[in-house]
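One structure below.
The values are calculated or read from the model by the stated rules, or taken from the named source; none is laboratory data. Keep in mind that this is a model prediction, so the values were computed, not measured. Note that each Cβ is placed from the backbone with ideal geometry, even for glycine, and that neighbours are counted across all protein chains shown. For the accessible areas, the whole protein counts, side chains as well, though only heavy atoms, and no ligand, DNA or RNA atoms are used. Shrake-Rupley method; radii C 1.70, N 1.55, O 1.52, S 1.80 Å.
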Amino acid sequence: MYIRSAAAISPQNTFGDQPLLADAVEYNNNLLKAIEPDYKTYIDAKLIRRMSRIIRMGVATASQCLQDAGVQQPSAIITGTAYGCLEDTGIFVSRMIEQEEQMLSPTAFIQSTHNTVGAQIALMLQCTNYNNTFVHGAFSFENALLDGVLLLKENEADTVLIGGMDELTKYSHDILKRFGLYKREDISNFGLFNVPTKGTIAGEGAAFFLLADQPSDRDYARLEALSIVYKPKNIEALKEEILRSLESQSVDLNEIDLIIDGRNGDIKNDAIYDEVQKTIFRNKPSLHFKHLCGEYPTAASFALWLAANILKAGEIPPTVANDKVKNIQPQKVLIYNHSQNIHHSVMVLSATDVKKNIH
């Protein structure tokens, strides 16, 4: 399967026509907010005022993705989100309490459902094709991607627009911080991996991809493998499942040039990566991405965007490269990410001149 285009709105300058992470943005807190573009270029001004942040981010990213691919209407639209439209949900619940359940405007409620982004994209495109949204926690994006792959393999579609997005609000950040998910002290995202303590930094963003079953001269990369592992019994079971799934999809680990992992600075979280790195992926150069986008359920979509752009460019941007990878020109990249040691996912991408099919 071919990634024909990719677009992302994130806490970095990733949106639009600009060099790949030329100037990484530094934050000195535990919350990374998305850098939003001028939406008027992508969305009718009359519609913008009715859209919440996550809807604007999703619609604009999808529009940019389709524009870059030269596709006006995809055969299917598939989105994945764990939190959905948190801002609209918060507005509706707050007004319901403040107004004692009387005279409530339905707008916030209507736009609070998780499938709102996919629906808005379809409405703008007047697209009546297959449209689905996955709300599967930290597997939301991976399941959306898997659904798209299946549609293409079954010849139910020839181009599929796939996106993953999640937003963070003040209320949700405060609640998740109480659970110990985020570091209590302010920290530079550039120094995230130098502070091995409990908690990480919060993030948000939206990333969309146009997946096609046939190659073109626009392609970023090929998707060769996608695997998910849910609640492994222990680390040994996890490693066995990863190896089994890669073998079943004819992935040769000796051919992997680069590992992109989801380390997030949480000492307990990163211990999983340490174990997998020194066994399954030993001697494989690796880099991290969550110091750029923060931690959120669909952060794997940002990793996929990064990997696809690295393969398209044929080099790793200095802002994310370390000494072990700075001179590498990768041809095949493996992404490994997990959330709370519950949701584990592996994706393998190759440069478009590497001849292999996803199984």
Can you say what percent of the DSSP beta bridges in segment 232-359, counting only those with both residues inside, are antiparallel? Round to 5. 55
Mind running the shape call on segment 187-261? Use the C-alpha gyration tensor, a ≥ b ≥ c as the square roots of the eigenvalues: rounded below 1.5 for a/c, prolate if a/b tops b/c, oblate otherwise. oblate
So for segment 227-320, Kirkwood radius off the Cα pairs, Stokes-Einstein at 4 °C and 1.567 mPa s: how many µm² s⁻¹? 89
Find, to one decimal place in angstroms, the Kirkwood hydrodynamic radius of segment 112-202, where the mean of 1/r is taken over every pair of different Cα atoms and then inverted. 16.2
Accessible surface of segment 1-141, 1.4 Å probe, proportion on carbon and sulfur as whole %: 50
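How long are the semi-axes of the ellipsoid equivalent to segment 103-158, from square roots of 5 times the Cα gyration tensor eigenvalues, in whole Å, largest first?
After diagonalising the Cα gyration tensor, the semi-axes are 27, 16, 6 Å.
Skip the ligands, DNA and RNA, and give the accessible area per residue of the chain with a 1.4 Å probe, whole Å².
On the way: 15940 Å² over 359 residues.
That works out to 44 Å² per residue.
Which value, in debye to the nearest 20, describes the size of the charge dipole of the chain about its Cα centre when Lys and Arg Cβ atoms bear +1, Asp and Glu Cβ atoms bear -1, and nothing else is charged?
380
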With runs of 4+ DSSP H residues as the only contributors, calculate the mean residue ellipticity of the chain at 222 nm using -39,500 (n - 2.57) per run, divided by the residue total and rounded to the nearest 500. -9500 deg cm²/dmol
Ranking 225, 248, 238 by how far each Cα lies towards the positive end of the charge dipole of segment 206-275 (+1 on Lys and Arg Cβ, -1 on Asp and Glu Cβ), the top one is 238
Computing the accessible area with a 1.4 Å probe over protein heavy atoms, can you report the carbon and sulfur percentage for segment 205-353? 44
State the percent of C-alpha pairs, over all pairs in segment 261-303, separated by a distance greater than 13 angstrom. 54
The chain - share of DSSP beta bridges that are antiparallel (%, nearest 5): 60
For the chain, averaging the sequence separation of alpha carbon pairs under 8 Å that lie six or more residues apart and dividing by its residue count, the contact order in percent is 24
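If you take the Cα Rg of the chain and divide it by 2.2 N^0.38 Å, with N the number of residues, what do you get?
0.95
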Find the all-direction average of the projected area of the Cα convex hull for segment 298-359, expressing the result in square nanometres with one decimal place. 5.3
Would you please state the base-10 log of I(q)/I(0) at q = 0.21 1/Å for segment 1-134, with intensities from the Debye formula using one equal scatterer on every alpha carbon? -1.36
Which aspartates and glutamates, if any, have their Cα less than 12 Å from the Cα of residue 33, not counting same-chain residues under 8 positions apart? 166, 167, 204, 295
If we sort 130-136, 239-245 on the protection proxy, mean other Cβ atoms within 10 Å, highest first, what's the order? 130-136, 239-245
